[in-house]
Amino acid sequence: MRDLISAADIPVFAAGFVVSFLSALLVIRGLLSYVSRKSFAPFAWYRIFFGVLILILYWNRSAF
């Protein structure tokens, strides 16, 4: 697939890199701000619930 990429694609990749970097920076800043004010408890309960759901689906995979 490397043959399909040309020098004309550089601005598109550069714009995508910059936008993804800036959005990641904002999201990380927001997460750190949230964590400094509150706890990880909602995230922990979400992960526990999701983990149990995945286990139930795994154990009952013959039903699908």
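Since every read-out is calculated from the coordinates, none of them should be taken as a lab result. This one's a predicted model, so the numbers in the text were calculated from it and none came from an experiment. So basically every Cβ, Gly included, is an ideal-geometry build from the backbone, and we count neighbours across all protein chains shown.
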Could you order peptides 4-10, 39-45 by the average number of other Cβ atoms within 10 Å of their residues, highest first?
39-45, 4-10
Correct option for volume of the Cα convex hull per residue in Å³ [calculated from the coordinates] among (1) 101; (2) 141; (3) 93:
(2)
Per DSSP helix of 4 or more residues, -39500 (n - 2.57); summed, then divided by the residues of the chain. What does that give at 222 nm, rounded to the nearest 500?
-26000 deg cm²/dmol
